[in-house]
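Visitor: Next up is a structure, given as structure tokens.
Just so it is clear, none of the values below were taken in a lab; they were calculated from the coordinates. Because the structure is a prediction, the values reported are computed rather than measured. Heads up, the Cβs are rebuilt from the backbone with ideal geometry, glycines too, and the neighbour counts pull from every protein chain shown.
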Amino acid sequence: MKTQISTRSRTTGIAAIILVLVAALVGMRLEFDSLQSPDWIFSDPKTAEGYQWLANNTETDAAVLAWWDYADGIEKIGNREAVIDEASKNIRNAIGGYMDPGKPWHKIEYALWYPFESEEKVKDVAEFFLSENATSAKEIAREHGSDYALVMSGDLGKYFALVMASGGNFSDYIIRPTNISVPVTDMRPYLKKQTIFTRMVDGDDIEGFSKAFDNDRIRIYKLS
């Protein structure tokens, strides 16, 4: 009799543990899905305006070179293909949700459910933006069937992730601030090179490209 009670008690305990784990996984999945929600792309009218321009002014089969976190806007508002949709595993530390220090379990969520992009494709996009001349940048764009590139005017903060994805050395692109205790609010004084990325972010005229759209928030260039 005691054996039966003991067995029943262990079974009940195991079942309770399984239920707790299942509930935790369901909760984590719901939280992860909320992190991946594209609703944020509709919150900025100027950004949405740029994506809508893609829908109204580009070829239906057009592909757009942009950093991965703009893929939702390109695809869901612009109805165009983004060359990359997500981050690759080697730059997962650049994903804001992944690195949330207050929620370390996010790393488990991303490991279980995040659809990481091909490292090779992310590297290609990074190398496109880090190119110092239009010729090398356009070669990469054509490899991916893309005639358009998209950036935001406040994108210089993504420069670290681009260098990381390219496999390059930060010291080749960025001067390390001497006073690291002071937050860097403007990276421009620390840039060693002018790249396609820095020039597009600044809205410059670039030989080999024509600026197709610019509302001071979102900038879209076309290969010429």
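Visitor: Working out 0.36 nm times the residue gap between Glu49 and Ser136, then minus their Cα-Cα distance, what length gain in nm do you get to one decimal?
Guide: Gain in length upon complete extension: 28.3 nm.
Visitor: Starting from 0.36 nm per residue, how many nanometres of slack lie between Asn93 and Asp202 once their C-alpha separation is accounted for?
Guide: Length difference between fully extended and current span is 36.6 nm.
Visitor: Want the number for Ile108 to Asp61: 0.36 nm per residue separation, take away the alpha-carbon distance, what's left?
Guide: Here the segment from Ile108 to Asp61 would lengthen by 13.3 nm.
Visitor: Could you list Arg217, Arg142, Arg80, Arg199 so that the one with the fewest beta carbons within 10 Å of its beta carbon is first and the one with the most is last?
Guide: Result, fewest neighbours first: Arg142, Arg217, Arg199, Arg80.
Visitor: Give the cross-link partners of Lys158 among the lysines, using a straight C-alpha distance below 29 Å as the criterion and excluding same-chain residues fewer than 8 apart.
Guide: Lys46, Lys76, Lys89, Lys103, Lys107, Lys121, Lys123, Lys138, Lys192, Lys193, Lys211, Lys222
Visitor: May I ask you to derive the relative contact order of the stretch 75-194, considering only C-alpha pairs under 8 Å and at least 6 residues apart, and to give it as an integer percent?
Guide: Relative contact order of the stretch 75-194: 23 percent.
Visitor: Can you sort Ile14, Ile108 from fewest to most other Cβ atoms within 10 Å of each residue's own Cβ?
Guide: Going from sparsest to densest Cβ surroundings: Ile14, Ile108.
Visitor: Also: What is the order of Ser136, Ser43, fewest Cβ neighbours within 10 Å to most?
Guide: So the ranking, lowest neighbour count to highest, is Ser43, Ser136.
Visitor: I'd like the Kirkwood hydrodynamic radius of the stretch 86-162, using the inverse of the mean 1/r over distinct C-alpha pairs, in Å.
Guide: It works out to 14.1 Å.
Visitor: Can you list residues from other chains, or at least 5 along the same chain, whose modelled amide H is less than 5 Å from the amide H of Phe209?
Guide: Residues meeting the amide H criterion: Ser224.
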